[in-house]
Structure formats: structure tokens, C-alpha cells
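Right, one structure below, let's go through it.
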Amino acid sequence: MSLRLVNLVFKIGSLLALTPARIEKNRLVFPSKAYALLWIILFTAGVSISAFYRKVSYEKLTPVVLTIQVATDTVLFVLNISTIIITATKRHQWNRFINILKFLKNRNEKGDLFWFLPFLLTNVVFVVIFTYYTYNVVPIMGVEFFKLYAVEYFQFYAQLIVYYLIYEFLNQILNGFNDLSKTMSKLWKMQPNRLHKLSFKRLKSNFCALAECIEIFNTTFGWLFLLSMGFTVLQLLGFMNYLLSGKYNSLPLVSMFITWHMIGTFFGVFICDLTEQRVKAMRMVAYQTAVNFDKEKEVEEIRKLINVINDNFPHFTAARFFDLNRNTILGVLNALFTFLIVVIQFENVYN
């Protein structure tokens, strides 16, 4: 991840007070708290006006569907507001996180002419999905559609910024452990008499720095991760209920939304799992290396490194409620289908 790319995301996200304004050499410059408060008021006003216009359509829903819809709207609103509040209050954590990434990045990193391409493509996909959505719905609902759902364009773009930052920062942490693993492999291939204590010290220092990055990530993005997963589950539950009930038959449109939310939410979980697996592999290699070395001095240094890995083993959490790994995805899908069965049964009662 290029710091230029982070700067680009920050500049765009700062327009909605969702991210720091930009990265400077020694510090982060944040949107003023007044500006953050302004956007909280704007989001609140927009959602309130939208809810007022939706009242008529909400009254036509069954209690179960109404509960799902209200919960979905509420979680999305809380996610937007939480993002703004975290940006405004987590100044020290953001600053420390960026400084660690700058310290750990490869100094020989080559310039990339297309460093902005990933974020550009993500925005293109977003525009395509919502243009297609507008093109299909507006002819049916007319201008009334914008009264009901115009604010969601800003809300979903705010969610896009959260998705992208989570992905990029997790990917940077994973790359840091991959580089550390490569360094360890090169170190183990050296002759024992060429190993230096400073090499082990650098490994332990970099590992602890990455572990601190994970702790900051959990503190900063943990609640946002939890809210994103909750919103995705509720959104998928609503879409699937509509499809199975036959009340909404636009399968391509629903599939696009489902794919968008699934990738945005769960791809980060896969990176968390890959990071843990990478560290487990590093620890196993260290154990094997300690067995193969003959000199007590080198073995002792490797044991110290293993202790550092064990004491700072990475655990990604969603606001400390549960760990983020592949088991999380299975648990979410299991809960989703269980809730879906319950919803269908309740819907049959009211039909």
C-alpha cells in the first residue's frame, strides 16, 4: 500500500469527515471537530427526512420485515456516525498507526505509475452498481425514489471508505508479516557463525511493531468491523427474504448488492485469517530452526524470538466480541440461514 494511495483516500474521505484530511511528514491533520459535527448533523437530518418519507411504505410491511428494515437502516446510520466520531477522536492512534507503517515499509519500494488504480476501480464498481440500481428503480418509483433513498448514496459511499481502509490496512499488515517471514528465511539459511544478535533484535522489534499495529487496528476499526458485519447480515436477510417471497424479482440487481456487501465485509476477514496463518508458519519455522542449530547462543536467541511471537500473537477482533477468522464467516452464514428460516416461518403466518 503506497502512502500516496492513503493520502488519496484520506482526501476524498475527509470531504465527509470520514478520514483524516491528509498525511504530513510528522503528523496527521484532521478535519476540525466542528466540521465533523456538521456532517453528523447532516447525516442525522438526511436519515430523519428519509425516514419521514418512508413512513407510508413502512406501514405496509409485516412486523418481521419492518423489524429487519428498521434495524438495517439504524445500523447503517450508526456505522456512518461512528466512523466520523472515531476519525475525530482517535487522533493519537491514527498517528501512531501511520508512523509504524511508514517505518516498516520497504525503503526500496519502487514507484508505481498506477498506484491509484485499485481505489479508482473500486469507485468505478460502486458507480456502476448504483447507476444500474437507479436506472432500474427510478422508472418505477419516479421522483419519489430520491426522497426516500437519495441519502443512502452518501451513506453507502461512506461505507465504501470504511471497506477500503479496512482492506488496505489489513493488507499492509499482512505484507509486513510476509516480509518478516522472508527475512527470517534468509536469516536461517546463514551459517550459525554469521548470525548476529542485532538480526534477532530487529526481527523482534519489527514483530512487536506489527503486533502494535494490530492492537491499534482493533481499537480503531473493531466497532466499524462489527457494525459492517451486522449491516451486511441484515441487508442479506432482507434481500433473500424478498427474493424467496417473490415480491422482488430483480435477481441481477439483488445479486450485485449481495456480492458487493459480501466482498466488502468478509474479504477483510480472510486477510485476518491469512495473517494468523502466516504467523503460525513463522513460529513453526522458528521451532524447527531451534532444533537444527547446535550453538547454545543462537538457540537462546531463537527461543527469545519464539517467546515474542507467542506473547504478541496477532488476534483480530470485532470490538473484542469475537475473533475474526474463517470460523467467523461460517458462524455468520449459519446465523443468517437460521434467521432466514425463522423469518420465512413468521412471514407465512402473516400471509
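None of the figures in this text is laboratory data; all of them are computed from the coordinates on show. As the structure is a prediction and not an experimental result, all values here were calculated from the model. Glycine also receives a Cβ, built like all others from the backbone with ideal geometry; neighbour counts cover every protein chain displayed.
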Response to the item:
With x for Gly and Pro, the residue-by-residue ³J(HN,Hα) of the stretch 41-46, computed from phi through the Karplus equation 6.51 cos²θ - 1.76 cosθ + 1.60 at θ = phi - 60° and given in whole Hz, is 5, 5, 4, 5, 5, x
Worksheet item: In nm, what is the difference between 0.36 nm times the number of residues separating GLU59 and LEU38 and their Cα-Cα distance?
Response: 4.4 nm
Worksheet, complete the sentence: Computed ³J(HN,Hα) along the stretch 210-215: with the Karplus parameters 6.51/-1.76/1.60, θ = phi - 60°, integer Hz and x for glycine or proline, the list is 5, 5, 5, 4, 5, 5
Worksheet item: Can you run phi through the Karplus equation (6.51, -1.76, 1.60; θ = phi - 60°) for the stretch 226-232 and list ³J(HN,Hα) in whole Hz, with x for Gly and Pro?
Response: 4, 5, 4, 5, x, 5, 4
Worksheet item: Based on Cβ point charges of +1 for Lys and Arg and -1 for Asp and Glu, what charge dipole magnitude is obtained for the stretch 3-350 about its Cα centre, in debye rounded to the nearest 20?
Response: 1340 debye
Worksheet item: Can you list residues whose amide H is under 5 Å from THR317's amide H, if they're 5+ apart or on another chain and H is modeled 1.01 Å from N?
Response: LEU324
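For the stretch 79-179, which chymotrypsin sites (Phe, Trp or Tyr not before Pro) pass both filters: DSSP loop (anything but H, G, I, E, B) and at most 10 other C-beta atoms within 10 Å?
Values: sites: TRP94, PHE97, PHE103, PHE114, TRP115, PHE116, PHE119, PHE126, PHE130, TYR132, TYR133, TYR135, PHE145, PHE146, TYR149, TYR153, PHE154, PHE156, TYR157, TYR163, TYR164, TYR167, PHE169, PHE177; in loops: PHE114, TRP115, PHE116.
Here the chymotrypsin sites (Phe, Trp or Tyr not before Pro) that fit, given the DSSP loop and packing criteria, are PHE114.
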Worksheet item: Hey, what does the equivalent ellipsoid look like for the stretch 3-350, semi-axes from the Cα gyration tensor as sqrt of 5 times each eigenvalue, largest first, whole Å?
Response: 44, 24, 17
